[in-house]
1. For 154, 276, write out the residues from largest to smallest accessible area, computed with a 1.4 angstrom probe and no ligands counted.
2. Semi-axes of the equivalent ellipsoid of segment 74-125: what are they in whole Å, largest first, if each equals the square root of 5 times a C-alpha gyration tensor eigenvalue?
3. For segment 16-129, with all protein chains present and a 1.4 Å probe, just round the carbon and sulfur fraction of the accessible area to a whole percent.
4. Run the 1.4 Å probe and let me know the accessible area of residue 50, rounded to the nearest 10 Å².
5. Here are a few candidate values for Cα extents along the principal axes in Å: (1) 74, 59, 35; (2) 67, 61, 38; (3) 50, 44, 41. Which one was actually calculated from the structure I just gave you?
6. With the contact rule set at Cα under 8 Å and sequence spacing of 6 or more, what percent relative contact order holds for the chain?
7. So which residue, out of 80, 189, 45, gets the largest mean-square fluctuation from a GNM of the chain using Cα contacts under 10 Å as springs?
8. Can you compute log10 of I(q)/I(0) for segment 189-241 with the Debye formula, treating each Cα as one identical point scatterer, at q = 0.14, 0.22 Å⁻¹?
Amino acid sequence: MPGILFILLFKYTPMYGITIAFKDFNIFTGFADSPWVGWKHFEKLFTSPDFAQVFKNTVIISFLKIVILFPLPIMIALMLNELRNMVFKRTVQTVIYLPHFLSWVIVGGLFIDLLSTNGGIVNKLLVSLGMEQIAFFLDNSVFRGVLITSAGWKETGWSTIVYLAAFTMIDPMLYEAAKIDGAGRWKQLWHITLPGIAPIIVLMFILRLGNVLEAGTEQILVMYNPVVYQVSDVIGTYVYRQGLGNQDYSFSTAVGLFEAIISFTLVIIGNSMSRKYLQRGIW
């Protein structure tokens, strides 16, 4: 009952606020007295050149994070699972987990200091090698790389926990039988370990699809600036600026509702494709 009440209070009750996407909402007149305008804000959304660029940025950044960052925790977990020195293994685990507990404000500050053109250690190294400095936070061609790198540094270690836990569900007798049959470490990895954690990989991938349009709003808010809006302004930051910056609550809600519908649809499609081709799914 406490769990159900929590979901009803904090997840379903706020859904009433979605109605302002179909109204000209005014904070002084409130939800009930704001006039209905139908699809006005959605028409504005789909005809806005700004939103077209924002949507493109969101898809590109999310795609890069999935392609580059999604496999990393799996590979790191597989490598950690092969370690036999438990002291070294636990030390490595602790070191790679720690960044997850830092806020994006701290992580953003660290990367700004490291990559700064004014005394940053990375640019000092480039200069010492006879190369030119790179304005990482002011260059549209490299800023997305900064986003991917910082996200990977912060979250990859934490994500390995899920896969390390999945290894415990694999029957050790399978490895013993494989050794008796002459299977080496690579064959055991390919024929036992990976199939054993495949359901967890599928689950995590489907859940990741549900956040494909989120693209790391908090991270980008901390690290971006108007110079790199062209390549880094995503739906979450756009909603933030429109809703709080311009106080256009109805339009920002319409954008958020559009994002939620797309995310929900992707989860449904991803689960259906998984069940069809891999015979596994969330439901």
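The values are calculated or read from the model by the stated rules, or taken from the named source; none is laboratory data. Computed from a predicted model, the values in this text were never measured in an experiment. Glycine also receives a Cβ, built like all others from the backbone with ideal geometry; neighbour counts cover every protein chain displayed. For the accessible areas, the whole protein counts, side chains as well, though only heavy atoms, and no ligand, DNA or RNA atoms are used. Shrake-Rupley method; radii C 1.70, N 1.55, O 1.52, S 1.80 Å.
1. Numbers: 154 10, 276 130 Å².
Output order, biggest surface exposure first: 276, 154.
2. Working: eigenvalues 185, 37, 18 Å².
Each semi-axis is the square root of five times an eigenvalue, giving 30, 14, 9 Å.
3. Working: 5040 of 7040 Å².
Summing carbon and sulfur atoms, their accessible area is 72 percent of the total for segment 16-129.
4. About 90 Å², rounded to the nearest 10.
5. (1)
6. Values: 283 pairs, mean separation 74.8, N = 283.
Computed over the chain, the figure is 26 percent.
7. 189
8. Scattering profile of segment 189-241, log10 relative to I(0): -0.54, -0.78.
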